[in-house]
1. Exactly one condition in (1) modelled with pLDDT under 95; (2) under 23 Å from residue 233 (Cβ atoms); (3) over 26 Å from the mean Cα position of the chain (by Cα) is false for residue 435; which is it?
2. Output the number of the condition that residue 293 fails; it satisfies all remaining conditions of (1) modelled with pLDDT under 95; (2) crowded, with 21+ Cβ neighbours inside 10 Å; (3) not aromatic (Phe, Trp, Tyr).
3. So in segment 324-353, with the set limited to residues that are out of contact with any Ser or Thr (no Cβ under 6 Å at 6 or more places or on another chain) and polar (S, T, N, Q), which one is nearest to residue 367 (Cα to Cα)?
4. Condition check: in a helix (DSSP H, G or I) and of a type outside the set (Gly, Ala, Ser). Does residue 75 satisfy that?
5. Can you find a residue that is within 13 Å of the ligand (Cβ to nearest atom), closer than 30 Å to residue 414 by Cβ and in contact (Cβ under 8 Å) with a residue 60 or more places away in the chain anywhere in segment 148-155?
6. Under 6 Å by Cβ, and 6 or more places apart or on different chains, what pairs join a residue from segment 159-178 that is aromatic (Phe, Trp, Tyr) with one that is in a helix (DSSP H, G or I)?
7. Does at least one position in segment 448-462 carry a residue that is surrounded by 14 or more Cβ atoms within 10 Å (Cβ to Cβ) and in contact with an Asp or Glu (Cβ under 7 Å, 6 or more places away or on another chain)?
8. Restricting to strands (runs of 3 or more DSSP E) lying wholly in segment 270-356: which have 1 or more residues that are over 24 Å from the mean Cα position of the chain (by Cα)?
Amino acid sequence: MSNNHSARLLIGAALVAGASLLGNPARAARRSCIESQALDKVLTNFMFVQNDDEQTPIKRYSAKDACDTRDFRGVVDAILFMKNLPAFKSIPEKFKTVLSEQGPTRFLKTRIENIVLETENNQVCAGGAGAYVNQSEHDTKIMHVCPVLVSDRSTPLMAAAGLLHEARHIDGFEHVDCDHGEFLGTAYPACDTTFEEQGSYGIGTAFHLYVYLGTKNEALRDEARANVAIELVRRFNKAPLGIKQGALIQSNDNKISFYDGTKVSLLVELRLDVAASTVKRGFPYFFFKNGQVAKYDFTSDWPMVEGPLVDTYNKLSEDEIADVRDITVGSVYCILLSKRVTCYEKGGMFGFRLYQVNPVNFYLRPEWGPDWIAVRGSDGKISRLPDDPSEFANTSEADLETIENPYPAVSSFAKLAGKVVGVSPKGNIVESTDGTNWSQVKPYTGFKFKKLYPFYWSKKLEDL
Ligand SMILES: [Zn+2]
């Protein structure tokens, strides 16, 4: 292993950018000071140093810093969060891991003794990392923490999982390129091969599982469980629990099902009429015509969500909601109406009028990267709007770039098990092995469908 190799926790712009729009619980404000006994214990186990932009140490933290409100406080809070979790002993055999055996605090402190707080101008931090370790610093047990790991968009649970993930890298575990899902095509490898090998993503996921199974705090339990489900789906090339590649399919009569290429599983029959649906950070969201929004959180609960996601949707009038063709909540939140695209960004609202295009839905970028705002027309053409909605006003419809449509015969598609499945213009579910000859999928014959997405699922996720 090369000495200058650094293993990093890639936070992923998608993850951070989506957090506030989806109304994630941010950490509580750091108003009060850290209790001195608790801080003493943390400082007994870890030495904290602040680096400047040039990676020169400018401060060593001590008991005098109990009232710090910045990154030091964020990391201490994350460590105390781990320490204060109930000691959870009765973990089911199938979920036992090195993390659950050692407990999160011991896991961390046997691997890391020095925590170096870096600035956002540090080269690795600027590249999107949440934290990193250098193999050359293996013996000195140093972890570098970037501001984003403990930013106000992070929660103690997320920050603690990040510290444990990074601590695992000191054992020599590295990542591999994702062969599917949300992080396909990232600049840095963002997956592990299996959950069972308990590499860094395995440890992070095992920690969420540990919290989920052990805590009595309901909100924390829900947050941890959702993280388990989503990490199992997107971080392991050989997915555990029988998770399969497939399509999530929405019928015109509000039935949501999963198709893996051979078998259909009905997830839910929604009682409200769906105006639009989208998948963000791996979680499907359903926007109802009555203004409510439900999230599929890999349980059979389908909870209604609150916060900016819903508030933005409710800026539409009743007539506009009836006219919604699609919604996407990526780095920008956009709503597609029959004659207009409306995007919301940084408190601003930007409209793009459609005269020629008869829009069907948004066309989402198939690989990881900044989101496109692209509209698929009923003629199969895909028109790409400016990435920055503030440019809408300076752009005319005739100037729009056209993106090549890989499957013009269908209005949405997913790849699975050697074939492509899609929704035909007549609303049938069709599949093809060559992308040219399409045939109806038998179990779906006789019903009409609106949309489908690439999805990874197994019934066992609901039974967690
Ligand atoms: Zn990593």
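The values are calculated or read from the model by the stated rules, or taken from the named source; none is laboratory data. Remember, it's a predicted structure, so these values are computed and weren't measured experimentally. Cβ placement follows ideal geometry from the backbone for every residue including glycine, while neighbour counts extend to all protein chains displayed.
1. Here residue 435 meets the rest and fails (2).
2. (1)
3. Applying the filter and picking the extreme gives 331.
4. Yes: the conditions hold for residue 75.
5. no
6. Going by the 6 Å Cβ cut-off, the qualifying pairs are 173/200.
7. No.
8. Because the criterion is at least 1 residues that are over 24 Å from the mean Cα position of the chain (by Cα), the strands (runs of 3 or more DSSP E) in segment 270-356 that meet it are 333-337, 340-345, 348-353.
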